[in-house]
Each structure stands twice: as C-alpha cells, then as structure tokens.
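A short worksheet on the structure shown next.
The values are calculated or read from the model by the stated rules, or taken from the named source; none is laboratory data. Everything numeric in this text was worked out from a predicted model, so none of it was measured. Virtual Cβ from ideal backbone geometry, glycine too; neighbours counted across all protein chains shown.
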C-alpha cells in the first residue's frame, strides 16, 4: 500500500516535470486567440450580381465551413459588401488562404466510369443485389427522374437503357410519375481504380480525374460542367413513403437551369462525355453522390434525388447542396496579418492578476490550514504544468488558440481546483475532531471527499463535453478549457493529493505535530 | 460572543445557524432580485456589443501620425466609448493599415470620424473607408449554444437524479437558474456591454453554481443516510448539512473569488485593462450568488420537496435550534443517543468555548462499526 502510494506520488510529479520540461525546452508556447495575438485576415470581395440578403446567406455559409475545419474561434464579419474572415494564430498567410479557398467548392461533373477500389467489393450482380442503394432523381412535376446505377460495377461501354434493375422501382414509388429506372448491366469482374483509368485513357477529355466517392467507389469524372451555383439554397431532405429523398430548386435562367439542363441532356443521351448517365456531385474533391440522370430537360425547375438513403444520408446531402451553393461568388481581395484587438497590455494584466490571485489563494490556504497548504501548492503546480503542456501541444497540433475568455476560465478554475483540497481538509478536520487517529481519519476522509469531488466534477465535465460537441466559436473554446481543468482536477486528487496526504498522515513528521491545530489523541486512547 | 470564538466555531464546523428557518426571507430576497432582473430585461434589454449587433468600421492607411492612440483620441473626441472598440493594425502587401470597429453610430458621427481620421493621417478623407460591419457572432452560434444548453440540462438532471434523487435535480436546476438570472440582471441593470466573453462568464457561473450545489447535496445525502433509521425532520438534516459545509463553502468561495477580485483590482484598476472589468464583475456576482443559492435556495428547496414524503411530513415542524442542533452533528443515530446528547448539551456549551479536545472527550467516539453504504 505504502509503496503504491509512493509510486503514484513520484509518478505524477515526474510526469508533470517531464511534460513541462519538454514544453519549455522545445520553446513552444500556446498560440493565442485573435483578441490576444491576432492572426490572418482575409477579405473576400463579392463579384457579379448580389444583394444584401444573398451576402448574409453567404456569410452564414462561410462561417459554417470555417467552423467545420476546427480552427479555434474564427471571426467572420461582413464589412460593407466585403466579407472578412479572421483566423487566429495563423501566421502563414498561404495556409489561411488554403483554409478559406479549400472550403466547399461544390462541382457537378459527368461520370465517365466508376468502379470499386476494393477488388472484392462489387461482385454482386444487379439482379439480386437489391441491398444496393439506388439514387433516382425525379422532377416533382412529372417526367422521369434520374437514378444512380446500382452499386455493383457499371460497364459504361455498353449503354443498356432497356435493362431494368429490379431494385430501382421501389425507390421512386412515392412519386406519381414512377418510371422504372434504367439500370445498368453489371459486369462480372470489378474494375479497380487503375484499370478504370487505363481503359479510357486514350479518349479522356481534358480535366478528367479519378475521385474517390464517399461510398468507397472510385469515379472517373469529366471536367467540371456546373457548380453548386445552379441550385438555390433551399435543399431539403424529405421522406417519401419509406425512403428519404433530397429536393432542391434550380436557379432560373442562364445561371442555373440552362447549365443544369445542358449537362443532364448530355448525360441522358449518354453522350461520349457522359457515357454512364451519372452526374457526380463533388465537394472538395470527394464524390458525395452520383445519381443517374432520368430526364433530359428539367422543366419543373426542381430536382429530386432519391435512393436508398438513410435519414442521415439525405440530410447530409441536402446540407451539402445547400451550403455548397454560395449565392455570391467571392474573390480574395486581400490577405493581411491582423494585430490583436486587445493589445499586449490586457494579456499582461490578465497573467499578472492571475498570479497575484494565485498568491492570495496560497496565503489564504497557509493561514487557514498552516503547513498542509504546501500540499495544495505543490498540487496546483503539478496541475498547472500538466495543463500548460497539454494546451501547448494541442495548439501546435490542432490549432487550439487561447483567447482572453479562455485565460479567464483558467483563472476561475483555480478556485475549483482548490475546492477539492478544501472538501478533503474539512472532512479530515471533522474526523479528527470526533477523536480518530490521524492515519485513520486521512483514509476515511479521503473516501468521502473523493465521492464528493467525483460527483461535482462529473457535472462540470458533462457541461464541458456537451458544450464542446454541440457548439462553435468561443463557447467551444471555453468548454475545452473547462473540461481540461475538470479532468486535471480528478487526476490530481487521485494521483497526487491522495498519496501525499495519506503518506503525510503516516509520516514521522506528523507524529509530533497536530494537523489543523487539532491535537490527535495518543494511539492508545482510540478505540481499537 | 467575540469574533474570535465565532471563527473558532466556524473552523470546527460547529455553527448552529437555522438556514431552513430563514428560507422565507431568503426566497423573498432572491425573488426581489430576480424580479428586478426580469423588469430590467423587459424594459431595457441587454446592451449587446458589436459582436452581437454589428456596428461601424473605419479603415485607412496607418501613417506616422495615425497610430492606435491617435485613433482612440479621435473616437473619444466624437463621444465614442473606446473600452470596447476593436482596434487592429493590418499588415498586407499594400502596407500597414489600421482598422477600428465600434458599435453602431449615426451618420454624422460616421462622417465626422472619417474626416478626423483622414485629417490626423494627412490624407484625403476618401482614403479612409467607412462601412457597416455585421455581427461576428452569427445566429447559428446562438442557436447551437442554446441547443447545447438544453441537452446539458437534461443530462445533468438525469445525472443528479441518478446519483442523488430527482428532487435534488429539480432544486439544483432552480438554484442554477437563479444564479444565472441574477448575473444577467447585473448586466441588464447596469447596462454593461455584452461581449462573447460575457457569454463565457455566464456559462462559467452556470457550471460553478451546479458544482457548488452538488458538493452541498453530497453532504445532505450523507446526512439523510445517517439519519435514515431515526425520525429526523428534513429541516434538521439540511440545517446540519449546511452548517457542516459552511466552512468549506466560505473557503471555496474565497479562494475562487480571490483570483477574480485580483482580475478586477490588479488587472483592471491598477493595470488599466478595462475590458476585464465587467467580465470580472459578472463572475464575482455569479460566484457569490452561487454559494448563497446552494445554502439558502437549493437545500431548503430540497427540504420543502422532501417534506411531502410521508416519512418527513410527520416531523416537518421539528427543527432543532442552537445546542440541540449542535448535538445532531455527532454520530447520534438512535433516539437514546440523541437524548443523551441533548442532556449533555449544557456541559458541552461551556466546553465548546474553552477547548476542543475536552469537548471531544465528553463524547467518546462510538465503536467503529458504522453501516457501510
């Protein structure tokens, strides 16, 4: 028992010392937020026609994309007609541009050929492969829609409009205009990525490339035929009968319907530029879906994509169509580094007042608990070393940035960390006051205090976890630091405070002293 | 009673304050504060900052005569409060520029500042751009945060209900709502500007309040178990619990508040980082109400709720006072022991002030055969 306590005590102090040693030695510092350190500022200038409403929508879309990347606490504002994206801690301007430039370029590209990357993945034949998803697009007002070919490999060299895949008719059953979707002949051997490229290598149109699909298939796609701009920002996932589908409105005129119909008529006729009749919906180089076109011209102005979607699939696709389609085209007009909004004086003020606060807390502990306060002090030092190392590591690897509210959160967490000691010591005092030996009291009071600390920290951690999962921006930053402080508290109480106090209670040092000014009875007086 | 001995009793956890008996005045005081908050919210609302409401931004080239301090001067000359202004220098290919954002201003102020800035820099006023800026705190951030909070409330209620009981979950959530409402009230009444940091402060208060309440409830639960076999009123149980944790609560509040007070005094008054000031005030108020509500709102609420149970309803009126309450602190689980404790209260009362160890010895520890849970 005693040895294990020693091992735990030495272990945690060693871990903290090594961690802080490494962190300080490597010269890394946690990167700071926009308010404290500044970062990169990208100004996006809208091009072409736009109105205020479209700009608002565009800002929301850009925000959701930048947030999704996970850069800590970005700031996205509209300044006049331009959109300003401020990214904290990003010193490298090219990287900042990459982040904004990479986000959500939605393209529509004809599929030249598709195949399984997995050699065993597509051997099922369409006749029996009724578990495979089939996408069918049908305009709401009449006319056949489009369906994605059954998953097993599609042989694109032989147009097989007359064969009907038995699985497709169920997916369009909910619409009035049910047409058995043309299936595609399965081939026996699956084509892997390389051979897909080889077979058509001679007559590939310029701009063709092989892209991976979200479904695990590889697609050889032609040049970009349209962008997400052909759709309105109103894609929605609907349930029809028992299957989910996605409906999206086409933008009218040359910007939308015309481009879309040019693409679909090419595919519908299985032109050489679109031999599979499939249109790949590509987001950031990934094929999200590749439905088969079911109609040459979409007169209703509405596109419906059906298939063997789960609710999640449908909602995801709808979100991609909606967010992918920024209603305004932007050009990066300026990339600048931006200075902090608060200035170095507030950072210094926060740090100095934090240290003063820490010193005051230590004085309070010393006055109230006397020499036992040393345990509080060492415990806090271990805890701060561990947290500082973790924050530094994560800000280097995950772009975590410490903003002023994060620092304030850490200052507040000092109080919560000290509370664990107070709960423990107060219990210990009670036990001692009711006449138990120090050694006995320490063990008993730790058990009680551990339960309390665990219950209270669970609530804090729950708060941190929920906020971290479900929010963005500065709330998320706060949640991270709260969660880290809570975890550190639990770890310190178990691995540091417990062995330190239990060992102190047994030590020769304590045999001649009283703890908290309460004389302990001589061993003989305590009932055995 | 001298201050010294009062502290001694607090230090030894021997205070005998009848918190339960003071529940009505406490509820009344809290009710008044919450009412004031609601009135202030309805009449004035919150003073939302530029991050929520948007505002106006000026941008121009930074010159030798136009630096951040010069911009501050110009703003102040036009009657704009600069404590929450966002002043930034931008470094790009076309040299250094300076950007300042403040809350919304009327047209004449926009033009006046634009002219003044250009004058300071010695350039044409067209070279300083004026533009409306939108909020950086998007609607989606608020929606997501609210959704997360709702999920959190459900989870934390379930956790407390599982760990303790649902009545305590109810009381904890009520106490937390009380704390957050009063902290928001401080912002509404004093018209402090709400920034994203403020939202974080409110969340901190929410977490602190629940944390503190759970620590107190753990003691209440322990005492409920301890008195499970005796007929003990809930009033007594919460009184004993609150008195037992009083030293801990005061200590914790002090050690949590000290860094915040330091933030307020050292950071904001001495070092002049005024943007820390309102944040610190909100935290301070939240922490004080957090401790207050755990003892004066949450625990009495639990007692009131639990008094409806038949077991406690029968003895609801019996609340021990003074030394009689002090006797309950000992491990007296049988009626006979309680009686003995009550009889020895006179000798105890006198010994309390003299010294602790003799006090302890009047009640020799019972054999260590406590029921394990």
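Okay, here's what the table says:
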read-out: Residue check, residue A:441 more than 9 Å from every other protein chain (Cβ to nearest Cβ) and more than 38 Å from the chain's Cα centre (by Cα); value: yes
read-out: Residue match in the stretch A:23-33 (condition: touching a helix residue (DSSP H, G or I) at 6+ places or on another chain (Cβ under 7 Å) and at pLDDT 85 or above); value: yes
read-out: Cβ-Cβ under 7 Å pairs, at least 6 apart or on other chains, the stretch A:59-80 side more than 17 Å from residue A:40 (Cα to Cα), far side modelled with pLDDT under 65 and surrounded by 23 or more Cβ atoms within 10 Å (Cβ to Cβ); value: A:61/A:326
read-out: Residue A:58 at pLDDT below 80 and touching a strand residue (DSSP E or B) at 6+ places or on another chain (Cβ under 6 Å); value: no
read-out: Residue selected from the stretch A:258-277 under the condition surrounded by 20 or more Cβ atoms within 10 Å (Cβ to Cβ) and either within 19 Å of residue A:299 (Cα to Cα) or not assigned by TED's automatic domain parsing to the domain that holds residue A:302 (or both), by the criterion nearest to the chain's Cα centre (by Cα); value: A:260
read-out: Among residues of the stretch A:388-406, those that are under 27 Å from residue B:264 (Cα atoms) and surrounded by fewer than 21 Cβ atoms within 10 Å (Cβ to Cβ), counted; value: 1
read-out: Of all residues making up the stretch B:57-86, the number that are under 16 Å from residue B:126 (Cα atoms) and part of a strand (DSSP E or B); value: 5
read-out: Only listed residue being part of a helix (DSSP H, G or I), over 20 Å from residue A:14 (Cβ atoms), more than 7 Å from every other protein chain (Cβ to nearest Cβ) and touching a helix residue (DSSP H, G or I) at 6+ places or on another chain (Cβ under 9 Å), chosen from A:453, A:466; value: A:453
read-out: Residue match in the stretch B:157-179 (condition: under 22 Å from residue A:35 (Cβ atoms), in the same structural domain as residue B:44 (by TED's automatic domain parsing) and not in a helix (DSSP H, G or I)); value: no
read-out: Looking only at the stretch A:358-376, and only at residues there that are in contact with a strand residue (DSSP E or B) (Cβ under 9 Å, 6 or more places away or on another chain) and surrounded by 18 or more Cβ atoms within 10 Å (Cβ to Cβ), the one that is nearest to the other protein chains (Cβ to nearest Cβ); value: A:369
read-out: Residue within the stretch B:272-280 that is within 12 Å of chain A (Cβ to nearest Cβ), farther than 23 Å from residue A:426 by Cβ and modelled with pLDDT of 85 or more present; value: no
read-out: Total residues in the stretch B:221-243, condition within 20 Å of residue B:24 (Cα to Cα) and assigned to a helix (DSSP H, G or I); value: 10
read-out: One residue from B:278, B:222 being in contact with a strand residue (DSSP E or B) (Cβ under 9 Å, 6 or more places away or on another chain), in the same structural domain as residue B:20 (by TED's automatic domain parsing) and over 28 Å from residue B:28 (Cβ atoms); value: B:278
read-out: Criterion (at pLDDT 85 or above and under 26 Å from residue B:278 (Cα atoms)) met by exactly one of A:338, A:376, A:356; value: A:356
read-out: Residue that is nearest to the other protein chains (Cβ to nearest Cβ), among those in the stretch A:390-411 that are in a helix (DSSP H, G or I), farther than 16 Å from residue A:489 by Cβ and touching a helix residue (DSSP H, G or I) at 6+ places or on another chain (Cβ under 7 Å); value: A:405
read-out: Qualifying residue in the stretch B:108-130 (condition: within 37 Å of the chain's Cα centre (by Cα) and surrounded by 19 or more Cβ atoms within 10 Å (Cβ to Cβ)); value: no
read-out: Whichever residue in the stretch A:68-95 is over 22 Å from residue A:48 (Cβ atoms) and modelled with pLDDT of 70 or more and, among such residues, is farthest from the other protein chains (Cβ to nearest Cβ); value: A:89
read-out: Residue B:189 over 12 Å from the mean Cα position of the chain (by Cα), away from chain A (no Cβ under 12 Å) and modelled with pLDDT of 85 or more; value: yes
read-out: Out of A:418, A:472, A:459, A:423, sole residue that is free of Cβ contacts under 8 Å to residues at least 24 places away in the same chain and either within 10 Å of chain B (Cβ to nearest Cβ) or surrounded by fewer than 21 Cβ atoms within 10 Å (Cβ to Cβ) (or both); value: A:459
